[in-house]
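The structure appears right after this line, and notes come after that.
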Amino acid sequence: PGCFKCPSLVLIAFLKNRILASKYAITGAVKLIKNEPSIQLQTIISFGVTIAGFVFDISATQWMLQCFAIGLVITAEGLNTAIEEMANFIHPAQDSKIGNIKDIAAGAVFFAAITAIVIGCFIYIPKF
């Protein structure tokens, strides 16, 4: 009565919102893969190292680290793309402050990529 909602209705509303949010996330991921060359390259690299994981029969721990590294780099690339798109929308003209923001975002991708390379070296150098 009054201010209390039926728990099952609250759960249904929550699940509908989660499904809708997932739809937006999947749409964004597809847009990234279709339109962003850096994400396309990272996706190709991801498939390559996944195949290498099977070829070299890496351990469960190594799979976890490799999946973390792949996710880290693709996430950083996606966030960098979002920051660049937002900066270009807000201030389309060349601007040193916007350039600085973009450089910082690109620097974050660089750190993620270095981390992934180090993880890859720990996994694959001993295999040779």
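Read the figures in this text as sums done on the coordinates, not as results from a lab. Only a predicted model underlies this, so the values are computations on that prediction, with no experimental measurement involved. A quick note on method: Cβ atoms are made from the backbone with ideal geometry, for glycine too, and the neighbour counts reach across all protein chains shown.
Rounded to the nearest 0.05, what FRET efficiency is calculated for Ser22 and Phe128 with R0 set to 35 Å and r the Cβ-Cβ distance?
Efficiency for this residue pair is about 0.30.
Relative to the present Cα-Cα distance, how much length would full extension add between Glu85 and Ala29 at 0.36 nm per residue of separation?
Length gained between Glu85 and Ala29: 18.7 nm.
How much length would be gained if the chain were fully extended between Asp95 and Ser59, taking 0.36 nm per residue of separation minus their Cα-Cα distance, in nm to one decimal? Could the numbers behind the result be given before it?
Details: separation 36, 0.36 × 36 = 12.96 nm, distance 4.79 nm.
Fully extending the segment from Asp95 to Ser59 adds 8.2 nm.
For the stretch 79-126, what is the convex hull (Cα atoms) projected area averaged across all directions, in square nanometres?
The number I arrive at for the stretch 79-126 is 3.5 nm².
Ordered by packing density, taken as the mean number of other Cβ atoms within 10 Å over each peptide's residues, highest first, how do 96-108, 16-28 rank?
Values: 96-108: 13.1, 16-28: 10.1.
For the peptides 96-108, 16-28, the packing ranking is 96-108, 16-28.
For the chain, what's the relative contact order in percent, using C-alpha pairs closer than 8 Å and at least 6 residues apart?
Result for the chain is 26 percent.
Report the gain in length on full extension from Phe68 to Lys102: 0.36 nm times residue separation, minus Cα-Cα distance, nm rounded to one decimal.
Numbers: separation 34, 0.36 × 34 = 12.24 nm, distance 2.43 nm.
Result: 9.8 nm gained on full extension.
Lysine pairs in the chain 8 or more apart or on different chains: how many have alpha carbons under 25 angstrom apart?
So the count of such lysine pairs works out to 6.
What value in Å³ per residue do you get for the convex hull of the alpha-carbon atoms in the stretch 1-71?
Details: hull volume 9.8 nm³, N = 71.
Roughly 138 Å³ of hull volume per residue.
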